[in-house]
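Asker: Have a look at the structure that comes next, please.
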Amino acid sequence: MSEVRDGLLYSEEHEWIKVEGDSGKVGITDHAQKEMNDILYAEVPMVGKKVKKGETIGAIESVKTVADVYSPVSGEIVEINSELEDSPQFINESPYEKGWFVVIRLEDEDELEELMDAEDYADFIGE
């Protein structure tokens with residue numbers, strides 16, 4: 001069973017965002033990392049990159065597959081988790097703490113309303 005945390009918002013592409021002020025920390029969900037299995041490589045974008053909701057912001061490679069990571073909101077990437085390049089296993093070990101991907105300064109807070117809360121996401125993944 002996957003961990004779904006209250007206080008986060010979730011996309012249908014299995015990303016989560018934790019909003020703090022005008023920014024949000026983004027990563028992939030526990031459900032997504034379990035589906036991928038052993039993550040071997042993570043590619044994060046550059047700080048300063050402007051992204052639109054749904055745009056690719058990185059990639060993850062596992063023993064099973066390669067998957068894109070999508071931005072759940074539009075905005076500017078203001079911070080990246082550079083530790084993922086040397087320690088991609090953080091995504092498997094701790095997807096909500098050590099395995100986060102980027103921090104995005106929000107361009108349009110209304111986009112948050114299109115995301116799921118924990119209860120809706122748990123229903124979405126069938127848990």
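Asker: Quickly run through the range 41-58 and pick out the residues that are farther than 13 Å from Gly99 by Cα and aliphatic (A, V, I, L, M).
Answerer: Within the range 41-58, Met46, Val47, Val51, Ile57 qualify.
Asker: Taking the range 76-97 only, how many residues are touching a Leu at 6+ places or on another chain (Cβ under 9 Å) and in contact (Cβ under 8 Å) with a residue 40 or more places away in the chain?
Answerer: 4
Asker: Here's a check for you: in the range 78-106, which residue that is hydrophobic (A, V, I, L, M, F, W, C) and surrounded by fewer than 23 Cβ atoms within 10 Å (Cβ to Cβ) is nearest to Ala32 (Cα to Cα)?
Answerer: Checked the range 78-106; the qualifying residue nearest to Ala32 (Cα to Cα) is Phe90.
Asker: Is one or more of the residues making up the range 32-55 in contact with a His (Cβ under 6 Å, 6 or more places away or on another chain), surrounded by 15 or more Cβ atoms within 10 Å (Cβ to Cβ) and either among the charged types (D, E, K, R) or outside any strand (DSSP E or B) (or both)?
Answerer: Scanning the range 32-55, I find at least one residue that is in contact with a His (Cβ under 6 Å, 6 or more places away or on another chain), surrounded by 15 or more Cβ atoms within 10 Å (Cβ to Cβ) and either among the charged types (D, E, K, R) or outside any strand (DSSP E or B) (or both), so the answer is yes.
Asker: Just name the residue that is nearest to Lys25 (Cα to Cα) out of those in the range 63-107 that are modelled with pLDDT under 95 and touching a helix residue (DSSP H, G or I) at 6+ places or on another chain (Cβ under 7 Å).
Answerer: Thr65
Asker: Could you look through the range 18-57, keep only residues that are among the polar types (S, T, N, Q) and at pLDDT 95 or above, and pick out the one that is nearest to the chain's Cα centre (by Cα)?
Answerer: This residue is Thr29.
Asker: If Ile91 satisfies every condition in (1) among the β-branched types (Val, Ile, Thr); (2) part of a helix (DSSP H, G or I); (3) touching an Asp or Glu at 6+ places or on another chain (Cβ under 7 Å) but one, which is the exception?
Answerer: (3)
Asker: Select from the range 62-88 the residues that are assigned to a strand (DSSP E or B) and among the small types (Gly, Ala, Ser) and list them in ascending order.
Answerer: Within the range 62-88, Ser62, Ala67, Gly75 qualify.
The values are calculated or read from the model by the stated rules, or taken from the named source; none is laboratory data. Quantities reported herein were computed from a predicted structural model and do not represent experimental measurements. Quick reminder, even Gly has a Cβ in these numbers, built from the backbone with ideal geometry, and neighbours come from all protein chains shown.
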